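The values are calculated or read from the model by the stated rules, or taken from the named source; none is laboratory data. As the structure is a computational prediction, the values presented were derived from the model and not from experiment. Every residue, glycine as well, gets a Cβ built from its backbone with ideal geometry; the counts of neighbours run over all protein chains shown.
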Amino acid sequence: MLTSALIDLPDHAALLAASGNHPFVRWHHDQAGFERAWALGDAVGWTVTGRHGHVLVAVGVGAAAGRLTTSVLAGAPVARVVIAVDALPHVDSVLGDGDDWDWFWTATAPDRRPGEAAVAELGDDDLDDLAELLRASSPRTSAQPGDPSVRAWFGVRDGAGTLVACAAEHEQVPGVRHLRAIATHPSFRGRGLAADVTAAATRAALAAGANAVTLGMYADNAVARRLYLRLGFRVGQAFATRAVVR
């Protein structure tokens, strides 16, 4: 698609087709949740309403995604962008602070790990232990105990009964489960517990009928990156989240 002008996309089917069946559009995008969507060259973008106002999400080749972002920001009241990280040099608008993060996905259960036998689904009686674990291990977590969007928590306890690793799962879109709050207590890191809970949660989701399992991680977490790749997850898109300076 060779064009220098934004092309409006009417619905999710058109967005998915224009994206070349991009995995983030296929497995993460809420079909009914966007306001407007566009294509420009090899990139697509759409706006949603988030906690900080209107948000533009753009995926695709860096230069095209940057041009699309610039064009949308020129005419839409967008407060934040979530765009392909390699699009940043090609955005003419002024962007502020934010984070770089990677989105992963898999449609295949990982190889079974011996440590999965110790992973259990958690219940309401475990919420206080979850909160204590997350305070100690993952202050930037995207999920907290009691979050109504979480469908299930998984965890591992040590021999004394202390919760030392966890993961949360919620339904991102129908048929797709997203893992959050994957954490291990600092005193128990290096033992493969995060891999155990991630593998168990992924296996459970796929066995329950999910078409895919996804997760996100901050781009500076090299240890987590190696873990997810070993479990068969693939990087679907490297993202930059930035505030828009008006």
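Miscellaneous remarks
- Test for THR108: is it surrounded by fewer than 17 Cβ atoms within 10 Å (Cβ to Cβ), among the polar types (S, T, N, Q) and modelled with pLDDT under 95: no
- Check on ASP126, touching a residue at least 12 places away in the same chain (Cβ under 8 Å) and in the same structural domain as ARG203 (by TED's automatic domain parsing): yes
- Unmet requirement for ALA143, which otherwise passes all of (1) buried (at least 17 other Cβ atoms within 10 Å of the Cβ); (2) part of a strand (DSSP E or B): (2)
- Number of the exception - ALA13 against (1) outside any helix (DSSP H, G or I); (2) hydrophobic (A, V, I, L, M, F, W, C); (3) out of contact with any strand residue (DSSP E or B) (no Cβ under 9 Å at 6 or more places or on another chain): (1)
- Residue tally, condition assigned to a helix (DSSP H, G or I), surrounded by 21 or more Cβ atoms within 10 Å (Cβ to Cβ) and of a type in the set (Gly, Ala, Ser), over the stretch 200-224: 3
- Of all residues in the stretch 64-77, those that are surrounded by fewer than 18 Cβ atoms within 10 Å (Cβ to Cβ), in contact (Cβ under 8 Å) with a residue 12 or more places away in the chain and of a type outside the set (S, T, N, Q) total 3.
- Options VAL164, VAL197; residue that is assigned to a strand (DSSP E or B) and either of a type in the set (Gly, Ala, Ser) or more than 16 Å from the chain's Cα centre (by Cα) (or both): VAL164
Here is a yes/no grid of residues against (1) of a type in the set (Ser, Thr, Tyr); (2) outside the structural domain of ALA43 (by TED's automatic domain parsing); (3) within 30 Å of TYR228 (Cα to Cα):
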{"residue": "GLY75", "(1), (2), (3)": "no, no, no"}
{"residue": "ALA87", "(1), (2), (3)": "no, no, yes"}
{"residue": "HIS90", "(1), (2), (3)": "no, no, yes"}
{"residue": "ARG113", "(1), (2), (3)": "no, yes, yes"}
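- Selection status of VAL57, at pLDDT below 95 and either part of a helix (DSSP H, G or I) or touching a Gly at 6+ places or on another chain (Cβ under 9 Å) (or both): no
- Within the set ALA131, ALA168, the sole residue that is among the aliphatic types (A, V, I, L, M) and out of contact with any helix residue (DSSP H, G or I) (no Cβ under 9 Å at 6 or more places or on another chain) turns out to be ALA131.
- Residue list for the stretch 16-54, restricted to those being assigned to a helix (DSSP H, G or I) and in contact with a Phe, Trp or Tyr (Cβ under 7 Å, 6 or more places away or on another chain): PRO23, PHE24, TRP27
- Selection from the stretch 111-139 of residues that are of a type in the set (A, V, I, L, M, F, W, C), within 20 Å of ALA222 (Cα to Cα) and surrounded by 19 or more Cβ atoms within 10 Å (Cβ to Cβ): LEU134
- Candidate set: the stretch 158-205, residues that are among the aliphatic types (A, V, I, L, M) and out of contact with any strand residue (DSSP E or B) (no Cβ under 8 Å at 6 or more places or on another chain); chosen: the one modelled with the lowest pLDDT: VAL173
- Listed by first and then second residue, the pairs with beta-carbon distance under 9 Å, at least 6 apart or on different chains, first residue in the stretch 166-182 and on the phi < 0 side of the Ramachandran plot, second of a type in the set (S, T, N, Q) and part of a strand (DSSP E or B), are CYS166/THR184; GLN172/THR214; VAL176/THR214; ARG177/THR214; HIS178/GLN172; HIS178/THR214; LEU179/THR214.
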